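In what follows, a structure is listed as structure tokens, so that the remarks can point back to it.
The values are calculated or read from the model by the stated rules, or taken from the named source; none is laboratory data. Since we're looking at a predicted model, the values are computed, not measured. Methodologically, a virtual Cβ is constructed for each residue, glycine included, from the backbone with ideal geometry; neighbour enumeration extends over all protein chains shown. Heads up: the accessible areas ignore ligands, DNA and RNA and are worked out on the full protein's heavy atoms, side chains in. Shrake-Rupley method; radii C 1.70, N 1.55, O 1.52, S 1.80 Å.
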Amino acid sequence: MGGMTEITGSTTAPSAPGDAPAAAPGSASVPEWEQRFRASRVSLPDWAEDAPDRALFVSNATGTYELYAWDRATGEQRRVTDRPNGTTDGALTPDGESIWWFDDTDGDEFGVWMRRPFHGGEAGSGDEPAVPGLAPSYPAGLAIGRDGTAVVGRSTDEEGTTVHVVRPGAAPVEIYRHRESAGVGDLSHDGTLIVLEHTEHGDAMHSALRVVRPDGTTVAELDDTEGGTKELGLSVLGFAPVAGDTRLLVGHQRRGRWEPMIWDPTTGEETDLALGLPGDVSAEWYPDASALLVVHGFEARSDLWRYEPGAGAPVRVETPPGSVSGATARPDGTVEYLWSSAAQPPVIRSTSGAVVLDPPGPKAPGSVPVEDVWVDGPGGRVHALVQRPAAPAQGPFPTVFEIHGGPTWHDSDAFASGPAAWVDHGYAVVRVNYRGSTGYGRAWTDALKHRVGLIELEDIAAVREWAVKSGLADPEKTVLAGGSWGGYLTLLGLGTQPDDWALGLAAVPVADYVTAYHDEMEDLKAMDRTLLGGTPEEVPERFAASSPLTYVDEVRAPVYISAGVNDPRCPIRQVENYVDRLKDRNAVHEVYRYDAGHGSLVVEERIKQVRLELDFARRHLAPGPAPQPVSQPVPSDE
């Protein structure tokens, strides 16, 4: 589940250490960019299959993203977790009696599943280890059956991936183990079939499927990679949610993009679902398995459809133009969905016309809409989303190229508080769906191999050239920025394209690719081996060509780096290696380290980080844009 509530009391969050006290979210003294971050948000509620009035969602209403239980019959909402660095991973048992949540240490993603009653007391009371016999690990999927059986996926550096069946009152039984990445996909309605996604063939970008019994014996295999020789992947969308139905909804790439099909592993029958939609298509079952709820993503927007297999063309489920970040079909036939656009904050609506969850407190201010730009790049047309400062401002503007993470992700016409903050301060914002991004077909996503990082930067450079020539961007004030993979591309771009960028802002980046590989979690090592064709010892020249550390001596622009000291994805040691090289050169740079993992779930911490980035840009792009008044500035840690 994703997304976001205590529903009573003030929504003002506690201040982060060193910050000025937070003002009330709607107060005139609080700039709009901060109001957007502080406004309460909620995720699309996940509901128990056999008790649909019991739901679980995530909210930032107390200032930290935590899990909340919601009894829809009574309206009661209760915070389930209360941890300093927040909690977002949770699941309901099918009967709605228990909540499982993942307990790590300060965002390091390494921990154990905990369990508490749905109608438990205060957050933190009544929690117990859900599987006492399993040691801490990185999570690799979870499925919970109607008889209390759980299927738990685990990943560790020492063991690789293991899958365990846990029956009530019994010790965990290991049914799967492999060095390559894998995970639990789903458990059938009657608990007799388990589907696993695995990459035993060595291609971490394209999974195969194996259906097994609870004792681990194999029922059926589905492998479009042909043992790793063919770059086609599969994904689990879910078993049919009714008794006696063994059909499995599967995502495939056989026609060059993601589409659903139905596979019965007990008979081998495959049912092709050619829906006639141009973009990537995902789907889930309606609760009675009579139809599919289809989410269709195309060119940075998404829409919803209802499809009854064998009954003709899909039927549109009306939603406004923008992006649907999640959707679910309810037992009464209505559909609930989380929607937003770049200009309008997120809202959870129902096809009944109602707002499903309305968080307390002031609402987030809106922002400006995006414009679509298509630019000819070396690998084909590149799609970019552009936001300009509100009229009557005229370009050229100082321009932030905000680069998304992933890399298998994409920017969309969806609400984002970070880009909106830059627009408020007089910057144009450009977001590039470079090669490697999802949503533009399999070939576009898979184009990265071996020249990792360099290919993405070619596309970003093409869009930057358009932005300058069109009069949008001031060529002396172009900023390269991003988090995670976007932070990696920022540091790599500052070194390989030093004439293009006046400033770099890199959050939780890969900075030294070789050290990052050796320190990161095991699943990411598998992905790096797929992208680069081997380990640093096997293909040292490729790791060197793709590592920001290789080009650090070419960096001329001021660099701001923020990093979580507990980050398992972009570990801190490799960031420090890069920073040490900047220090050796007396290069202009600032570093902010914070006590969390791959980003922060604490609202005030996130505001602090954006404030520091805005201040860094103001100081180093002089004479920069006249900024909107902001709260008291906070000095960085270095």
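Structure notes:
- Net charge dipole size for the stretch 215-268 [Lys, Arg +1 and Asp, Glu -1 on Cβ; Debye, nearest 20]: 260 debye
- Derived scalar couplings between HN and Hα for the stretch 435-447 equal 4, x, 6, 7, x, 10, x, 4, 4, 5, 5, 8, 6 Hz in order, rounded to whole Hz, by the Karplus curve 6.51 cos²θ - 1.76 cosθ + 1.60 (θ = phi - 60°), x for Gly and Pro.
- Take K449: with every protein chain present and a 1.4 Å probe, its accessible area is about 50 Å².
- Beta bridges per DSSP with both ends in the chain, % antiparallel, nearest 5: 80 percent
- Estimated distance in nm for a label pair at T535 and R255, the labels positioned 7 Å out from Cα along Cα-to-Cβ: 4.2 nm
- Modelled this way, with points 7 Å down the Cα-to-C-beta line, the labels at A289 and S125 are 4.2 nm from one another.
- Under-5 Å amide H pairs with A343, H placed in peptide plane, nonlocal only: V370
- Here the simple spin-label model places points 7 Å from the Cα toward Cβ, and for R573 and D157 these points are separated by 0.7 nm.
- From helices alone, the chain scores -5000 deg cm²/dmol at 222 nm; the rule is -39500 (n - 2.57) for each run of n ≥ 4 DSSP H residues, then divide by the residue total.
- Segment T105-V242, extension gain: residue separation times 0.36 nm, minus the distance between their alpha carbons: 45.6 nm
- Here the stretch 229-297 and the stretch 369-402 have alpha carbon centers that stand 35 Å from each other.
- The stretch 27-112: relative contact order in percent, alpha carbon pairs under 8 Å with at least 6 residues between: 21 percent
- Largest to smallest in accessible area, the residues Y517, Y440 fall in the order Y440, Y517 (1.4 Å probe, all protein chains included).
- Separation of alpha-carbon centers, the stretch 44-72 and the stretch 103-180, rounded to whole Å: 20 Å
- Entry comment: accessible area of the chain is 37 Å² per residue, from protein heavy atoms only and a probe of 1.4 Å.
- Exposure of H620 as accessible area (Å², to 10), given a probe of 1.4 Å and all protein chains: 60 Å²
- Rounded to whole Hz, the Karplus (6.51, -1.76, 1.60) HN-Hα couplings of the stretch 152-160, x for glycine and proline: 10, x, 9, 9, 9, 5, 7, 9, x
- For the stretch 587-600, putting each phi into the Karplus relation 6.51 cos²θ - 1.76 cosθ + 1.60 with θ = phi - 60° gives couplings of 6, 6, 7, 9, 10, 10, 10, 9, 8, 6, x, 7, x, 10 Hz, in residue order, rounded to whole numbers and with x for Gly and Pro.
- Residues S600, S470 ordered from highest to lowest accessible area at a 1.4 Å probe: S470, S600.
- Computed over the stretch 327-486, relative contact order equals 24 percent, with contacts defined as Cα pairs under 8 Å that lie 6+ residues apart.
- The figure for S29 is an accessible area of roughly 90 square angstrom, using a 1.4 Å probe on the protein chains alone.
- For the stretch 221-260: relative contact order, % (alpha-carbon pairs under 8 angstrom, 6 or more apart): 29 percent
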